[in-house]
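For reference, the structure is listed below as C-alpha cells.
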Amino acid sequence: MKILITGGAGFIGSAVVRRAVRDGHQVVNLDALTYSANLENVASVADNAAYAFEQVDVCDRPKLEAVFAQHQPDAVMHLAAESHNDRAIEGPLDFVRSNIMGTAVLLEVARAYWNKLEGEKKQTFRFHHVSTDEVFGALGEDGDFTEETPYDPKSPYSASKASADHLVRAWAHTFGLPMVLTNCSNNYGPYQFPEKLIPTVITRALEGKTIPVYGDGRQVRDWLHVDDHAEALLLVLAKGRLGETYCIGGDATKRNIEIVKLICGHLDKMAPANTPHADKIEFVKDRPGHDFRYSIDSSKLERELGWKPSMPLAEGLEDTVRWYVENYGWVEGIRTRGFHSDRLGLVKA
C-alpha cells in the first residue's frame, strides 16, 4: 500500500514508518515537526525511494488537500497528536486544537478524497485512527480495558483523544468513511522523547540528576514495546474489520516504582558512574488527576488477527536502556534545541 502516516516523525509514528518501509509499503510521512518530532527518527529510511516527507500541520486543510492530491494514498494512519499529560495540564487548548480539530480537518479531507475514488481503490481505502487506553479512564486494583469498556476520560489529554475517537466513529457512521480504530497501552522503546517516564528516568540518571517519581509510585501501567505496536498497527490497517476497534496491550503490567528500579538496575551495569542509581529516586508531588491503573485485554486482536506481543518487558526494557546509553548523542541533540527535563504539569493558580 501507499500509506499516508500523520505524525511520522514522532516516537510511535516513526516506528511505524520504519517498519512499513521495511515491509515494502510506500510511505508518505506527514508531520508538522513540533517540539517532540525528530527527523533523525526516520533517518534510516529517508533516502529510500518508497519514502516521502511532507511538513504539514493536520489543521491546515489546503495543504492537506494538496498532499492527498499529489500522493494519492491507499490508506491513512493517523498518529499526529499532542500526547504528554503534563503538558496538557499546562496548555490544554493546544491539545484541543491538535487532537480534536486536527482530527476533524483530516477526516474531512480524507472523506472528500475517498468520495472521488473509483473502483477497487475506493473499496480498499481505509482510515486508521490510532488512540490510547487513557480514553477509558482508570481501573482499580484489578480488571482490564476491552473494546467494550465505556469511555471515561479523566485528563485534558485523554478527553481530547476520546473526542477524536468519537469524531472518527461519527464520520464512519454518518458518511460511510471506512475506518478502523485502535487503543494502545503505554509505549516504550528507542527514540521516545525524554519527557515520558522511561526515557526521563534514563536520561536524568545519565546526567546525574534526581529521578522524580510521582506520588508513591504505585500507579500501574501496561507496557507495550513500540516495535510490537507498529507491527500490530500495520496488521490492523491491512486486515482489521472495517468499523471495528482493537485494543493493543503489552501484557506487561508493572507499578511505576518497579519500572524505575528495574531501569536503575540496568543503568548500574551499563553506566556505572553515580551508582547505585536508585539512590537518586525522589518521590515528588503527584500529577493532578493522575489515573491509578491501566491494563489492556488484547484477546480480540489475537483471536481475529493472530497478533500478540513478542517482546518481553524485561528484555525490551534492557534493550531500551542500552539504546539510550549508546545513543546519548540523540538526547544531546534534543537538549541543544532547548528541551530540559524540568517538571511540568503542576496546576498553577
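Coordinate-derived values only; no laboratory data. Since the model is a prediction, treat every value here as computed from it, not as a measurement. All Cβ positions, even for glycine, are placed from backbone atoms using ideal geometry, and neighbour counts span all protein chains on display.
Normalised by the residues of region 258-349, what does the relative contact order come to in percent, with Cα pairs under 8 Å and at least six apart?
34 percent
The Cα center of region 232-254 and the Cα center of region 3-80 differ in position by 20 Å.
A straight line joining the Cα centroids of region 296-315 and region 188-219 runs 25 Å.
Amide H to amide H, with H built 1.01 Å from N, Asn186 comes under 5 Å of Asp222, Leu224, counting only residues 5 or more places away or on other chains. Panel order for Val76, Val17, by other beta carbons found within 10 Å of each beta carbon, from fewest to most: Val76, Val17.
Computed from phi, the 3J(HN,Hα) profile of region 310-326 under the Karplus parametrisation 6.51, -1.76, 1.60 (θ = phi - 60°) reads 10, 9, x, 4, 4, 5, x, 5, 4, 5, 5, 4, 4, 4, 5, 5, 7 Hz, with x in place of Gly and Pro.
Dipole size in debye (nearest 20) for the chain around its Cα centre, Lys and Arg Cβ +1, Asp and Glu Cβ -1?
460 debye
Taking θ as phi - 60° and the Karplus parameters 6.51, -1.76 and 1.60, the scalar couplings of region 273-286 work out to 5, 6, 7, x, 5, 4, 5, 8, 5, 9, 6, 10, 3, 5 Hz in sequence order, x denoting glycine and proline.
Give the residue list of GluC sites (Glu not before Pro) in region 131-202 that are DSSP loop and have at most 11 other beta-carbon atoms within 10 angstrom. Taking region 131-202 and a limit of 11 other Cβ atoms within 10 Å, the loop GluC sites (Glu not before Pro) found are Glu141, Glu148.
Summary of the geometry: region 319-343 and region 92-169, compared by the centres of their Cα atoms, lie 30 Å apart. Ranked by how many other Cβ atoms sit within 10 Å of their own Cβ, fewest first, the residues Ile202, Ile259 fall in the order Ile259, Ile202.
A viscosity of 0.890 mPa s and a temperature of 25 °C, combined with the Kirkwood radius over C-alpha pairs in the Stokes-Einstein formula, give region 113-201 a diffusion coefficient of 159 µm²/s. Put simply, the chain fits an ellipsoid with semi-axes of 33, 22, 19 Å; these come from the alpha carbon gyration tensor as the roots of five times its eigenvalues, largest first. As I understand it, the dipole of region 198-244 uses +1 on the Cβ of Lys and Arg and -1 on the Cβ of Asp and Glu, about the Cα centre. Which of Tyr214, Val201, Leu224 lies farthest toward its positive end? Checking the options against the dipole of region 198-244, the answer is Tyr214.
Pairs with C-alpha atoms separated by more than 26 Å, drawn from the list Lys154/Lys254; Lys121/Lys308; Lys196/Lys254; Lys154/Lys261, are Lys121/Lys308; Lys154/Lys261.
Listed by chain and number, the aspartates and glutamates placed with their C-alpha closer than 17 angstrom to that of Lys269 are Glu207, Asp279, Glu315, Glu318, Asp319, Glu326; residues fewer than eight positions away on the same chain are left out.
Dipole magnitude of region 95-197 about its Cα centre, charges +1 at Lys/Arg Cβ and -1 at Asp/Glu Cβ only, in debye to the nearest 20?
700 debye
Residue by residue, region 288-302 carries 3J(HN,Hα) couplings of x, x, 5, 5, 7, 8, 10, 7, 10, 9, 9, 5, 5, 5, 5 Hz when phi is fed to the Karplus relation 6.51 cos²θ - 1.76 cosθ + 1.60 (θ = phi - 60°); x denotes Gly or Pro. The charge dipole of region 193-349, taken about its Cα centre with unit charges on the Cβ atoms of Lys, Arg (+1), Asp and Glu (-1) only, comes to about 480 debye. Working from Cα pairs under 8 Å separated by at least six residues, relative contact order for region 167-300 is 36 percent.
With 0.36 nm allotted per residue and the present C-alpha distance subtracted, the Tyr35-Ala314 stretch has 97.4 nm of extension available.
By definition, a body whose alpha carbon gyration tensor gives a ≥ b ≥ c is oblate when a/c is 1.5 or more and a/b is not larger than b/c, and region 25-126 fits this oblate description.
The value of relative contact order for the chain, using C-alpha pairs under 8 Å at least six residues apart, is 18 percent. Lys/Arg Cβ at +1, Asp/Glu Cβ at -1, dipole of region 83-139 taken about the Cα centre: which of Leu139, Ser83, Trp114 is farthest positive-ward? The one lying farthest along the dipole's positive direction is Trp114.
Return Phe193, Phe11 ranked ascending by Cβ neighbour count within 10 Å, so the fewest neighbours appear first.
Exposure proxy ranking, most exposed first: Phe193, Phe11.
Once backbone amide H atoms are built at 1.01 Å from N, Val213 has Glu282, Phe283, Val284 as its partners under 5 Å, excluding neighbours fewer than 5 places away on the same chain.
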